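Beneath this line is the structure, given in structure tokens, with notes to follow.
A short reminder: the numbers here are calculations on the coordinates, not readings from a lab. Quick caveat: nothing in here was measured; it's all calculated off a predicted structure. Cβ coordinates were reconstructed from backbone atoms using ideal geometry, including for glycine residues, and neighbour counts include every protein chain displayed.
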Amino acid sequence: MVPKSQRLQNPGQGLVALVSELNLRADPVRAVPMAAYMRNKFPCLGISAPVRRKVVTDSFPTGAPTCESEVVQIARELFHKDKREFHLAAIDLLVLKRKLMSIDFFNSDAEFFLTTHSWWDSVDALRPLIGFLVRNNPGSERFMFDWIKSENMWLRRSALIHQLTQKTNTDSKRLGELCTIVAGDSEFFVAKAVGWALRDYSATNPLWVANYVAQHPELTPLARREALKRITRLKQ
């Protein structure tokens, strides 16, 4: 791990330090099953998520980078590399530096990171940043309604899950509207996201979720089953 005495404030140096450290920690033996778990869509270095996140934090301590454009530039450079850990490290950095990010991220960069090298791990990992930005930028909900109508399933999934873990701060009206638009969508990752979003909110408002499911027979069996999992367990 990068020693504290060597942590660099220059974002360019931080990128070099990050890439070097991840390459040093590569485990070719572990990389094989990791790639297989991701259906061999991406080659892997063989580094666990906790270790990867620690490398990102150590390479970019408080104060570096200093603005949104620097964060995005570094993340994009990482996305141009082939190993999956570099893509996920880019998202780790975006989430880590989320307080530097603004609504401008939706205008020029969010779709790039959601639709490039897309798979559930990268899309879901970006959720804390998307949720943070929507929560703190009134009017940004419009992007979620643009995404939910997109032909790209990963944008639809991201719109559906952006309010996860927000509990009583969840906008149930928005949640319902987004789920209704794709209620009959049979794409696995979308239907699963509909159910996931509803199930997550059922921990806070089970009556609302139960009523929503009852009123929307067009929900796919998968979405319905996932949405009611928590409620069903409580009834047993």
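Figures for the structure shown
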{"quantity": "Compactness relative to 2.2 N^0.38 Å, alpha carbon Rg of region 1-101", "calculated": "1.04"}
{"quantity": "Cα-based helix-to-principal-axis angle, 127-136 vs the chain, degrees rounded to 10", "calculated": "70 degrees"}
{"quantity": "Region 80-195: translational diffusion in µm²/s, Stokes-Einstein, Kirkwood Rh over Cα pairs, 20 °C, 1.002 mPa s", "calculated": "149 µm²/s"}
{"quantity": "Projected label distance in nm at Asn136 and Thr168, using a 7 Å step from Cα toward the beta-carbon", "calculated": "2.2 nm"}
{"quantity": "Ranked list, fewest to most other Cβ atoms within 10 Å of each Cβ, for Arg30, Arg233", "calculated": "Arg233, Arg30"}
{"quantity": "Cβ-Cβ FRET estimate between Val32 and Lys81, R0 fixed at 22 Å, reported to 0.05", "calculated": "0.70"}
{"quantity": "At 0.692 mPa s and 37 °C, Stokes diffusion of region 176-231 via Kirkwood alpha-carbon radius, µm² per second", "calculated": "311 µm²/s"}
{"quantity": "All-pairs Cα distance distribution in region 139-236, expressed in whole percent, bin size 5 Å", "calculated": "2, 15, 29, 26, 18, 8, 2, 1, 0"}
{"quantity": "Within region 199-236, backbone nitrogen closer than 18 Å to the virtual label 7 Å beyond the Cα of Ser186 toward Cβ", "calculated": "217-226"}
{"quantity": "Rg/Rg_globular for the chain, with Rg_globular taken as 2.2 N^0.38 Å and Rg from C-alpha atoms", "calculated": "1.09"}
{"quantity": "Folded to 0 to 90 degrees: helix 206-215 orientation relative to the chain principal axis, Cα", "calculated": "60 degrees"}
{"quantity": "Options Leu234, Gln166, Met101, ranked by Cα towards positive dipole end of the chain, top entry (Cβ charges)", "calculated": "Leu234"}
{"quantity": "Ordering of 162-173, 121-132 by packing [mean C-beta count within 10 Å, highest first]", "calculated": "121-132, 162-173"}
{"quantity": "Nearest-20 debye value, region 1-101 charge dipole, Cβ charges on Lys, Arg, Asp, Glu", "calculated": "280 debye"}
{"quantity": "Computed magnitude of the charge dipole of the chain (debye, nearest 20; Cβ of K, R +1, Cβ of D, E -1)", "calculated": "880 debye"}
{"quantity": "Positive-end residue, the chain charge dipole about Cα centroid, Cβ charges, pick of Val72, Trp119, Leu198", "calculated": "Leu198"}
{"quantity": "Cross-link pairs beyond the 20 Å C-alpha cut-off, checked among Lys81/Lys192; Lys83/Lys192; Lys97/Lys192; Lys41/Lys97; Lys54/Lys192; Lys41/Lys83", "calculated": "Lys81/Lys192; Lys83/Lys192; Lys97/Lys192; Lys41/Lys97; Lys54/Lys192"}
